[in-house]
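Everything on this sheet refers to the single structure shown next.
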Amino acid sequence: MNMHTLKYGCKWMWGQLYCLLQGVKVGEGLRTYGCPIIVRHRSARITLGRHVILNSDPRVNLAGILRKVTLAAVYPGSEITIGDHTGLSGAVIYAAKSVSIGNHVRIGINTVIYDTDFHPLDWQARRDDNAPKVAVAPVVIEDDVWIGGNCIILKGVHIGRAAVIGAGSVVTCNVPQGTVWAGNPARFIKGAA
C-alpha cells in the first residue's frame with residue numbers, strides 16, 4: 001500500500017457502496033478515490049471487473065484531473081464493461097449502446113469515450129430533435145491498451161490489444177494491436193516495440 005492509498009484511499013468504501021447503490025456490478029478490490037458519477041438507465045448495465053481503479057481525486061494523480069470519473073449508460077439496454085486491473089483518472093465513458101474496455105487498460109486523465117454523436121448531422125433532424133437519426137456504434141478497447149491524457153475516443157472505434165494512444169489524440173478510426181497512434185485526428189506513429 002503506497003502513501004497515496006493510506007492518505008486518500010480510506011474512503012474507497014463509500015465509492016464502492018455508491019456504485020452498488022446505483023446498480024453497478026462491482027468486482028472484488030474496486031478502489032475509488034473521490035466519488036465517481038454514475039448515470040444508469042434502469043435497464044442498462046455497468047460492470048466493473050476485479051481491482052478496477054476509479055480516480056476522481058486530483059491529489060492522488062497530480063497530472064491534472066479536472067473532473068470526476070463518469071460512467072453513463074443512458075439508454076435502455078446500453079452497456080459499459082470495464083475489465084480487471086483497469087484504471088481511469090477523471091475519465092468520462094458515455095454509452096448509448098456499448099463501450100467495452102478490456103483488462104489491464106490505463107485511461108489517462110480527462111479522457112472521454114463516446115459511442116454516439118449525441119446529435120444528428122442533418123440540420124433539419126437537429127431542429128426536429130430527431131433522436132433516431134443520431135449515429136451510434138459500439139466502442140471496443142482490448143487488453144493492455146494505454147490511452148494518454150486528454151484523449152477523445154469516438155463512436156465505432158476498435159483499439160487493438162497493447163496499442164498506445166498519445167496524449168491529446170482524437171481517435172476516429174480503428175487502431176491495430178501493438179501500434180502507437182497520436183494526433184488530431186490520430187494517425188499511425190509506429191509499430192510494436
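So which strands (runs of 3 or more DSSP E) are wholly in the stretch 7-93 and hold at least 1 residues that are without any contact (Cβ under 8 Å) to a residue 12 or more places away in the chain and over 16 Å from the mean Cα position of the chain (by Cα)?
none
Give all pairs with beta carbons closer than 7 Å in which a residue from the stretch 151-162 that is touching a residue at least 12 places away in the same chain (Cβ under 8 Å) meets a residue that is in a strand (DSSP E or B) and surrounded by fewer than 17 Cβ atoms within 10 Å (Cβ to Cβ); count only pairs at least 6 apart in sequence or on separate chains.
Matching pairs, first to second residue: Ile152/Val170.
Which pairs have Cβ atoms under 8 Å, sit 6 or more apart or on different chains, and link a residue in the stretch 163-180 that is in contact (Cβ under 8 Å) with a residue 24 or more places away in the chain and surrounded by fewer than 17 Cβ atoms within 10 Å (Cβ to Cβ) to one that is assigned to a loop (DSSP other than H, G, I, E, B) and of a type in the set (S, T, N, Q)?
These pairs meet every condition: Ala167/Asn150.
Mind listing whichever residues of the stretch 55-76 are among the aliphatic types (A, V, I, L, M) and at pLDDT 95 or above?
Val69, Leu71, Ala72, Ala73
Considering only the stretch 47-78, state which residues are buried (at least 18 other Cβ atoms within 10 Å of the Cβ), closer than 13 Å to Ser100 by Cβ and not hydrophobic (A, V, I, L, M, F, W, C).
Gly49, Ser78
Here's the yes/no breakdown for (1) within 13 Å of Leu30 (Cβ to Cβ); (2) in contact with a Pro (Cβ under 9 Å, 6 or more places away or on another chain); (3) charged (D, E, K, R):
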{"residue": "Val52", "(1), (2), (3)": "yes, no, no"}
{"residue": "Val60", "(1), (2), (3)": "no, no, no"}
{"residue": "Thr70", "(1), (2), (3)": "no, yes, no"}
{"residue": "Ile80", "(1), (2), (3)": "no, no, no"}
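Condition test on Asp144, is it within 16 Å of the chain's Cα centre (by Cα), at positive phi and not in a strand (DSSP E or B)?
yes
Here are Ile159, Ile165, Ile147, Ile141: which of them is out of contact with any Gly (no Cβ under 8 Å at 6 or more places or on another chain), closer than 23 Å to Asp84 by Cα and modelled with pLDDT of 95 or more?
Of the residues listed, the single one that is out of contact with any Gly (no Cβ under 8 Å at 6 or more places or on another chain), closer than 23 Å to Asp84 by Cα and modelled with pLDDT of 95 or more is Ile159.
I'd like to check something: does the stretch 123-130 contain any residue that is of a type in the set (A, V, I, L, M) and either in a loop (DSSP other than H, G, I, E, B) or touching a residue at least 24 places away in the same chain (Cβ under 8 Å) (or both)?
Scanning the stretch 123-130 turns up no residue that is of a type in the set (A, V, I, L, M) and either in a loop (DSSP other than H, G, I, E, B) or touching a residue at least 24 places away in the same chain (Cβ under 8 Å) (or both).
Of these, Asp117, Asp84, Asp144, which one is surrounded by fewer than 21 Cβ atoms within 10 Å (Cβ to Cβ) and more than 23 Å from Asn184 (Cα to Cα)?
Asp84
If a residue must be β-branched (Val, Ile, Thr) and in contact (Cβ under 8 Å) with a residue 24 or more places away in the chain, how many such residues does the stretch 181-193 contain?
Looking only at that region, the number is 0.
The values are calculated or read from the model by the stated rules, or taken from the named source; none is laboratory data. What you see is a predicted model; the values in this text were computed from it and never measured. Cβ atoms come from the backbone with ideal geometry, glycine included; neighbour counts cover every protein chain shown.
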